[in-house]
Amino acid sequence: MIDKASAIETVMRKLKKIQVGRGLDLRTYKRDRSVVILRRGEDLFSVTENGFDTEQFTEDFKGVKKLLKKLLKKEFPRSNKIRVYDVDANDLN
């Protein structure tokens, strides 16, 4: 679990190092809402929002940071801690 205040920096640092086909699953403390980020290519990420809204986005590295700020405000408005799990693309299918 990580603090929401430092979540964006921590997630972006992890995404830089992550391999293609792997990703991160961000969840609330109660695990009822999530944002899943998968690396699809060298500079291509698939972001899936599953909570208040259910949407899928495709972004580059810089776009992920901007989108993540927006999604954290919307999906985790009162959360202080965020759960971060490493996932494989095969785990989600």
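Name the residues in segment 23-40 that are more than 12 Å from the chain's Cα centre (by Cα) and either under 17 Å from Asn80 (Cα atoms) or surrounded by 18 or more Cβ atoms within 10 Å (Cβ to Cβ) (or both), would you? Even if it seems obvious, please write down each step before you answer.
The initial filter retains those residues of segment 23-40 that are more than 12 Å from the chain's Cα centre (by Cα), namely 29-32, 40.
Within segment 23-40, Tyr29, Lys30, Arg31, Asp32 qualify.
Of the numbered conditions (1) assigned to a helix (DSSP H, G or I); (2) modelled with pLDDT of 95 or more; (3) surrounded by 18 or more Cβ atoms within 10 Å (Cβ to Cβ), Arg13 satisfies every one except a single condition; which is it?
The number of the failed condition is (3).
In this structure, does Glu49 turn out to be touching an Asp or Glu at 6+ places or on another chain (Cβ under 6 Å), part of a strand (DSSP E or B), of a type in the set (D, E, K, R) and without any contact (Cβ under 8 Å) to a residue 24 or more places away in the chain?
So Glu49 does not fit the description; no.
Quick check, is Gln19 over 12 Å from the mean Cα position of the chain (by Cα), polar (S, T, N, Q) and surrounded by fewer than 17 Cβ atoms within 10 Å (Cβ to Cβ)? Spell out how you get there, then give the answer.
On the way: over 12 Å from the mean Cα position of the chain (by Cα): yes; polar (S, T, N, Q): yes; surrounded by fewer than 17 Cβ atoms within 10 Å (Cβ to Cβ): yes.
It is true that Gln19 is over 12 Å from the mean Cα position of the chain (by Cα), polar (S, T, N, Q) and surrounded by fewer than 17 Cβ atoms within 10 Å (Cβ to Cβ).
The values are calculated or read from the model by the stated rules, or taken from the named source; none is laboratory data. All values derive from a computational prediction rather than experimental measurement. Counting neighbours? That spans all protein chains shown, and the Cβs are built from the backbone with ideal geometry, glycine included.
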